[in-house]
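Report on the structure given below.
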Amino acid sequence: MTVTADPFAPAPPAAPARFLYRLNPLAKLAAVIPATLVLVFVRDLTTPLVFLAIAYAVLLVGARLTGRLLALLLLAVPLGIALVGCGFSLWADASLVDTTPVVLQVGDWRLYAGALHTGFATGLRLGAIIALALMAGLTTTGPDLVRSFVQQLRVPYRIGYTALAAFRFVPRFAHELDVIRQAHRVRGASGGRGPFAAPARWFGYVVPLLAGAIRHAERVALAMDARAFGAYAGRTERHDVPFRTRDVVFVLALWAASAAVLIALFPWGIG
Amino acid sequence: MPESPSPSARIRVDPVGDAPLLRVEGLAITHDGQPHAAPASVSFRVDRGEVVLVLGPSGSGKSTLALALDGLIPHDIPATLAGTVEVDGVRTVDTTVAALSTRVAMVFQDPDAQLVTGSLLDEVAFGPENLRLPVDEVHARAEDALRRVGLWHRRHENPDLLSGGGRQRLAIAAALAMGSPLLVLDEPTANLDPQGIEEVYATLAEVVAAGDRSIVLVEHNLDAAIGFVDRVVVLDQQGHLVADGPVDDVLRHRALDLHRLGVWLPTSALAALRLRAAGYTLEPLPLTPAELHDALASHPPLAASAIDPPRHPATGASAPDPIVRVRGLTLRRGRTEVLHDVSLDIGRGEFVAVVGANGAGKTTLLQAIAGVVPPPRGTVHVDGIDVARADARTLPSRIGFVFQNPEHQFIAHTVADEIAHGLRRLALADDDVRTRTDALLARFGLTDKADTHPFLLSGGQKRRLSVGTALVAGAPVLALDEPTFGQDRARADELLSLLAELNAAGTTIIVVTHDMQLVSEYADRVVVVDDGRVIAHGPTVDVFDDTALIERAGLRLPPLRRALRSLDAHPALARATRLADLPGVIS
């Protein structure tokens, strides 16, 4: 699966029913913040499962059903949950859960139900947090996110648009790092063997990379200044990213749903 | 080259008032930390609708001058500015870069370093948005600018999807959208391949033809620019103004003076100067390949005895004792096959240029030959060893590789250590390392820089050091990837002269490059790569004889070949590929 991360790619046209694309990016972020915070602290299995289901329902209705979305929801996320779940089950401290039934025994080693519970609770929590983040992540473009930060949160546009410009640096620097590594290998700069070789090698890459990066950033800054960037306190916005009634409704609906889940399940382990 | 309109046929914008669009008076700029001013004293003016070309040898301060025209110097770049730069009667020091941006728009050398957004439309709208123009006006300007450079139909794409020439055209559109009457372009084609250069100049020719903008062009690629220039301003090595006048007065009448100053003339003008010295009557001095061709076509042939026969460096047959032998080389990068069943012999002591369009696979071929990218076993042999099986100590003693950016391959903290590193890997005695390091430093003119950090060297010194480190282990073959990319003509020539010296002393040179005139000046043989295959390999003169093949590979003939091909009246000249092949010497 290739997830192309072009933060600038425009949102493809979507049917009106796919409502996520028409929401303000901030609304999509704000709506999932309470649920995400709660998920960091809960320890049971049901709460993350319910939030996972909510996120899946919203995504399947509100986002376009592309192959990429289905692959993410049906393969990548479940696989990730299974991997993290198994991993944490094995890693969990057995002495804390040795009162629970043994699920599997190999020689002296026992896998307790409690360990399995801890592991999969962790996996599901991570899966649910990711699924909630995907609601905004899959349906928002980088420029729109910056615009909403500038328009609603009053982040200075000089910061917002500079950050957006900096996105363009990432693939360039990645390529440059590749070339530097190649060049150092040709020169035989392996840095020797042992535990310090790798850090020493990476330190060797940093100097040429930084020299190139600083030069590049300076040139970009000159080019932006030459085109009047930062000339006035504001700049023309061709696209308004308004915060409308439907954004308020969406945020309140998800907050209400989150509250309902918490009240119904009360997943704090003290009830 | 598309036809450029002659300057006189153009629509002129009537001057508004008396103030010229741009007035530069006694300008001297000293960068902080530099001992001398460059430019040192320059005065000229640009009127509305004029196209002015700024020429000068390396170090005369042409790019610095360009940066001063829109106030980036002194507002953004720390430098001391004496004299005056006045735009529309306003001194640049008294206003801001942002305010000047509506009068002067800039296009820089590196297309990647001036694009800041994620789509062509956003990019062109970026400047007008910063100027707080109404949305309708932003859209109108963006559409007009993109249409003028022929990119409107791609407006929703990411600029990364454009070729280098396309990105530079986008930068021109972004400058046009600022609505400024003056456009300043600083070496706009230095980072482009021949196709990109052609695209950018076709676009510029159209901007000039519309006649609504004045242009100041700093450029060393005169062969492409000369067609639509009105006036030429020339600086000397010290940054003083030495000439300012129409193309005819400056370039045609004072060509010899300019050449002696170290100013790069169009290849056709250089060729014509040589031919004049050999007794040809070429009046007025031809400046473009077409002019030279026409002048020679109507010129009676001189007696054959007056002409030195062109040098034929190598025969067409493959060398009997190849030092590089490639057989059935197929290479993949990810899922795509980038080289298909390539076979190639390079003879001992040859100077070979590998040319091809962007993405043809020429760099990959060079990297596979040098073992930078491991080739399959048995496919590449260099000086008798199989590159795929060679260990990290043996390979550097057979072939050295020089990357495009010398900084990338520096690994030590001093110049001397940089050289010594390669010798220590050979497990030599300390004394031996020291003597050989000293000898190499002397050979490359870096003795007094031995304790300097490699990053603090000048551009030319860095390049020499990178060549030195590649050769330190005694490799008989040197491979270089685009060593002249983004450099001015003088520095490129300095490097190529060094390579020619090494070649004369027996080193086999393989160089990947876009610069067709450099290829024809220095290389004995040319390898043409197209779509992962070698489609031609032979003596330079034979390869450039096949115009159809050159065009099919997405390349362009070097200017001298364009001027001299199919000159039936002068059979001896018709096969010359390098200036040195021509009779006559410029004194």
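The values are calculated or read from the model by the stated rules, or taken from the named source; none is laboratory data. In this text the structure is predicted, and so the values were computed from the model without any measurement. Using ideal geometry, Cβ is built from the backbone for each residue, glycine included, and neighbour counts are taken over all protein chains shown.
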In segment B:44-100, which residues are within 13 Å of chain A (Cβ to nearest Cβ), small (Gly, Ala, Ser), closer than 13 Å to B:HIS31 by Cα and crowded, with 22+ Cβ neighbours inside 10 Å?
-> B:ALA68
Within segment B:456-463, identify whether any single residue is surrounded by 20 or more Cβ atoms within 10 Å (Cβ to Cβ) and more than 13 Å from chain A (Cβ to nearest Cβ), and answer yes or no.
-> yes
Which condition number does B:VAL528 fail, the rest of (1) part of a strand (DSSP E or B); (2) within 19 Å of B:PRO289 (Cα to Cα) being met?
-> (2)
Select from segment B:109-124 the residues that are at pLDDT 95 or above and facing chain A (nearest Cβ under 7 Å) and list them in ascending order.
-> none
So which residues in segment A:223-252 are part of a helix (DSSP H, G or I) and either without any contact (Cβ under 8 Å) to a residue 24 or more places away in the chain or within 14 Å of chain B (Cβ to nearest Cβ) (or both), if there are any at all?
-> A:ALA223, A:MET224, A:ASP225, A:ALA226, A:THR245, A:VAL249, A:LEU252
Among A:ASP240, A:ASP225, the single one that is in contact with a helix residue (DSSP H, G or I) (Cβ under 9 Å, 6 or more places away or on another chain) and loosely packed, with under 13 Cβ neighbours inside 10 Å is A:ASP240
Residue pairs qualifying under the 8 Å Cβ cut-off, at least six apart or on distinct chains, with the first in segment B:392-410 being under 23 Å from A:TRP202 (Cβ atoms) and facing chain A (nearest Cβ under 7 Å) and the second being assigned to a strand (DSSP E or B) and of a type in the set (Asp, Glu), are B:PHE401/B:ASP481; B:PHE403/B:ASP481
Name every residue in segment A:192-229 that is on the phi > 0 side of the Ramachandran plot and modelled with pLDDT of 90 or more, in order of residue number.
-> A:ALA228
Looking for whichever is within 14 Å of another protein chain (Cβ to nearest Cβ) and in contact (Cβ under 8 Å) with a residue 60 or more places away in the chain here; the options are B:VAL534, B:VAL511, B:VAL467, B:VAL528. Which one fits?
-> B:VAL467
Please indicate, with yes or no, whether at least one residue in segment B:485-508 is within 24 Å of the chain's Cα centre (by Cα), within 14 Å of chain A (Cβ to nearest Cβ) and either surrounded by 20 or more Cβ atoms within 10 Å (Cβ to Cβ) or part of a loop (DSSP other than H, G, I, E, B) (or both).
-> yes
For A:PRO199, state whether it is part of a helix (DSSP H, G or I) and away from chain B (no Cβ under 11 Å).
-> yes
State all residues of segment B:411-425 that are farther than 15 Å from A:GLY188 by Cβ and either more than 10 Å from chain A (Cβ to nearest Cβ) or aromatic (Phe, Trp, Tyr) (or both); if no residue qualifies, say none.
-> B:THR414, B:VAL415, B:ALA416
Filtering segment B:196-216 down to residues that are of a type in the set (A, V, I, L, M, F, W, C) and in contact with a helix residue (DSSP H, G or I) (Cβ under 6 Å, 6 or more places away or on another chain) yields B:ILE197, B:VAL200, B:ALA205, B:VAL208
B:GLY165: passes all of (1) in a helix (DSSP H, G or I); (2) within 10 Å of chain A (Cβ to nearest Cβ) but (2)
Exactly one of A:LEU116, A:LEU83, A:LEU124 is touching a residue at least 40 places away in the same chain (Cβ under 8 Å) and either part of a loop (DSSP other than H, G, I, E, B) or surrounded by 20 or more Cβ atoms within 10 Å (Cβ to Cβ) (or both), and that residue is A:LEU124
Mind listing just one residue for me: the one in segment A:213-222 that is touching a residue at least 24 places away in the same chain (Cβ under 8 Å) and facing chain B (nearest Cβ under 7 Å) and, of those, surrounded by the most Cβ atoms within 10 Å (Cβ to Cβ)?
-> A:VAL220
Looking only at segment B:125-146, decide whether some residue is within 29 Å of B:LEU27 (Cα to Cα) and part of a helix (DSSP H, G or I).
-> yes
Failed item, numbered, when B:ALA113 is tested on (1) out of contact with any Asp or Glu (no Cβ under 6 Å at 6 or more places or on another chain); (2) touching a residue at least 24 places away in the same chain (Cβ under 8 Å); (3) closer than 17 Å to B:LEU185 by Cβ = (2)
Pairing a residue in segment B:128-157 that is closer than 10 Å to B:ALA173 by Cα and free of Cβ contacts under 8 Å to residues at least 40 places away in the same chain with any residue that is buried (at least 24 other Cβ atoms within 10 Å of the Cβ) and β-branched (Val, Ile, Thr), where Cβ atoms lie under 8 Å and the two sit 6 or more apart in sequence or on different chains, gives B:ARG141/B:VAL124; B:ALA142/B:VAL124; B:ALA145/B:VAL124; B:LEU146/B:VAL124
From A:LEU111, A:LEU104, A:LEU134, residue being in a helix (DSSP H, G or I) and either at pLDDT 90 or above or in the same structural domain as A:THR47 (by TED's automatic domain parsing) (or both) | A:LEU134
If you scan segment B:355-384, which residues turn out to be assigned to a strand (DSSP E or B), more than 20 Å from the chain's Cα centre (by Cα) and crowded, with 24+ Cβ neighbours inside 10 Å?
-> B:VAL380, B:VAL382
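For every residue, the table says whether it meets (1) part of a strand (DSSP E or B); (2) in contact with a Gly (Cβ under 6 Å, 6 or more places away or on another chain).
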site: B:ARG393; (1), (2): no, no
site: B:GLY400; (1), (2): yes, no
site: B:HIS408; (1), (2): no, no
site: B:ILE411; (1), (2): no, yes
site: B:ASP417; (1), (2): no, no
site: B:LEU423; (1), (2): no, no
site: B:ARG434; (1), (2): no, no
site: B:ALA439; (1), (2): no, no
site: B:ASP448; (1), (2): no, no
